[in-house]
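Novice: Below is a structure I'd like to ask you about.
The values are calculated or read from the model by the stated rules, or taken from the named source; none is laboratory data. Keep in mind that what you see is a predicted model, and the values were worked out from it rather than measured. All Cβ positions, glycine included, derive from the backbone under ideal geometry; neighbour counts span all protein chains shown.
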Amino acid sequence: MTKTIRHTVAIGAAPKRVYETLINDKKHAKFTGAKAAISRKVGGAFKCYGTYLSGFNLDLVPGKRIVQAWRSTGWPAGCYSVVTFALSRSKGGKTKLKFSQVGVPSPNRMDINKGWQTYYWKPLKAYLEK
């Protein structure tokens, strides 16, 4: 059985800047502190946190949306979840990031949910809001 994770995050930066930080491998590596290789094309592959996370881009709308098929090492072969980062402008030039991850293997849900908060939202905000 799989589960869904959902978060809404307010980030003190414009949507275009948030998008670029998530999809640009050099900027991604700066905010996470780990190597990343991210294609900027639909169908293109990515690897984050070295090779711990991998997948491919399903849909990219610059400044607005990133949809990717994600998997983590240790997941069953061929098992992917679908991650969506939906970005919209909010007051003061900030970004409202609506996030979902559909298809997370049940035993991993709690750790992955906490991981997004610890390894993505907290350092992303610190990087963009400095």
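Novice: Across region 1-23, which residue is nearest to the chain's Cα centre (by Cα) among those that are more than 19 Å from Trp116 (Cβ to Cβ) and at pLDDT 95 or above?
Specialist: Glu20
Novice: Please specify each residue of region 1-35 satisfying the condition of being of a type in the set (Ser, Thr, Tyr) and either in contact with a helix residue (DSSP H, G or I) (Cβ under 9 Å, 6 or more places away or on another chain) or at positive phi (or both).
Specialist: Hits for region 1-35 are Thr2, Thr4, Thr21, Thr32.
Novice: Additional query: Report, by residue number, each residue of region 19-43 that is among the hydroxyl-bearing types (Ser, Thr, Tyr) and without any contact (Cβ under 8 Å) to a residue 24 or more places away in the chain.
Specialist: If the condition is that a residue be among the hydroxyl-bearing types (Ser, Thr, Tyr) and without any contact (Cβ under 8 Å) to a residue 24 or more places away in the chain, then Ser39 is the only one that fits.
Let's see how each residue does on (1) under 30 Å from Met1 (Cβ atoms); (2) surrounded by 15 or more Cβ atoms within 10 Å (Cβ to Cβ); (3) within 11 Å of the chain's Cα centre (by Cα):
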site: Leu53; (1), (2), (3): yes, yes, yes
site: Phe56; (1), (2), (3): yes, yes, no
site: Thr73; (1), (2), (3): yes, no, no
site: Pro76; (1), (2), (3): yes, no, no
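Novice: Looking at Thr73, Thr95, Thr118, which one is in contact with a Phe, Trp or Tyr (Cβ under 8 Å, 6 or more places away or on another chain) and β-branched (Val, Ile, Thr)?
Specialist: The conditions single out Thr73.
Novice: Select, from Ser106, Ser88, Ser81, the only residue that is in contact (Cβ under 8 Å) with a residue 24 or more places away in the chain and surrounded by 18 or more Cβ atoms within 10 Å (Cβ to Cβ).
Specialist: Testing whether each residue is in contact (Cβ under 8 Å) with a residue 24 or more places away in the chain and surrounded by 18 or more Cβ atoms within 10 Å (Cβ to Cβ) leaves just Ser81.
Novice: Which one of these does Phe46 not meet: (1) farther than 19 Å from His7 by Cα; (2) in contact (Cβ under 8 Å) with a residue 40 or more places away in the chain; (3) surrounded by 15 or more Cβ atoms within 10 Å (Cβ to Cβ)?
Specialist: (2)
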